[in-house]
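A quick write-up on the structure given underneath.
Values quoted throughout were computed directly from the atomic coordinates according to the rules given, and no laboratory measurement underlies them. The structure displayed is predicted, hence computed values, not measured ones. Cβ atoms come from the backbone with ideal geometry, glycine included; neighbour counts cover every protein chain shown.
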Amino acid sequence: MIKFFQWIYTIYSVLIFYVLMLIFGLFIVLPLLISQKGDKISFFFIRLWASIWSFLSGIRYEVHGLEHIDRSKPYIYIFNHRSFIDAPVIPMVIPQEVRAIGKKELSKIPVFGQVIGKLAVWVDRSDVESRRISLEKLVKFLNQGSSIVVAPEGTRNDTSETLLPFQKGAFRLSIETGIPILPMAVIGANQIMKRGSLLLSPGKVKVYFSAPINPPMTSEDAVNDFTEKCRNRLEAMIVAHE
C-alpha cells in the first residue's frame, strides 16, 4: 500500500515538474537569446520553477555556510552527486548565476534538455574531443566572471562509498585559471530518490558550503595533490553531517 501511494506521489511530482517547466521554459530561454547578461533573469525564473516544484512536492532545503560565498567572485563549485534531485537543488541553494556541466544523456530529456541546455555544458565523457570542447566553454564562462558547478565523480554515485574517485578536470581548470574550488556537501537528496529506485519521497535536503580552497602554483604533482585535498575536504563534510 505504501508503494502504491509512493507511485502516485512520484507521478504527481513528475507531472508538476514538467508543467512548471513548460510554463517557465520560455522565460528561462528567451533572456539568454537576447543577451549574454540575461542569465540573471533566467535564473530568477529557474529558481521560481525550482521553488514552486519543491514546495508542491514537499521538498525542503536547509542551507549552511553561505557566509563563505563572495557573490562578486567566481568559484568552481564541486558537490557529491547521489540523486537526480540535485538538478533543482543547485539553483535553489547557490546564490549566484552558474553554469553546470552535465552528461549529454540529460540533454535528451524532453523539455528539460532543451531548456537547461541553455545554461549547461553537455559532455560525452567517453569522447576526448567532447571533453576538450566542454572545458573550453567552461574557461570562457569563468573568464566572464561566471561560476561553474561540477560533479567531479563524473556520474551519479550509486554505491555505498561516500565518494567515487574524482576526475581531475575541474581541479586542473582551477589551477590554470586561479579560481578557487568551493565544496558543497548535499545531504539527504538520496533519501528523496533512493539508490536504484525511480520513486520519489518528500523530505529535506541539507547543503553545507565549505570555505573556498585556493589552487596551488603549477607543478608536476599539483593537479593530483589538489584533487586529493578537495576530495578529502568534501568527504569530511559529508561524513560530519550525514
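Quick rundown of the values:
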quantity: Simple spin-label estimate for L48 and Q191 in nanometres, 7 Å along Cα-Cβ; calculated: 3.2 nm
quantity: Gaussian network model of the chain, springs between alpha carbon atoms under 10 Å - residue of P212, P165, P180 with greatest fluctuation; calculated: P165
quantity: Theoretical gain in end-to-end length, F5 to E62 [0.36 nm per residue, Cα-Cα removed]; calculated: 17.9 nm
quantity: Theoretical FRET efficiency, 1/(1+(r/R0)^6), r = Cβ-Cβ of K40 and L198, R0 35 Å, to 0.05; calculated: 0.55
quantity: Cα shape, region 60-241, gyration tensor, a/c 1.5 rule; calculated: rounded
quantity: Nearest-ten-degree value, helix 222-241 long axis tilted from longest Cα axis of the chain; calculated: 40 degrees
quantity: Angle between the chain longest axis and helix 39-57 axis [Cα atoms, degrees, rounded to 10]; calculated: 40 degrees
quantity: Footprinting exposure proxy for H68, H81 (fewest neighbouring C-beta atoms within 10 Å first); calculated: H68, H81
quantity: Gained length - R71 relative to F27, 0.36 nm times residue gap less alpha-carbon distance; calculated: 13.5 nm
quantity: Cross-link pairs beyond the 27 Å C-alpha cut-off, checked among K104/K194; K40/K137; K140/K168; K37/K194; calculated: K37/K194
quantity: On Cα atoms only, tilt of 2-34 relative to the major axis of the chain in degrees; calculated: 60 degrees
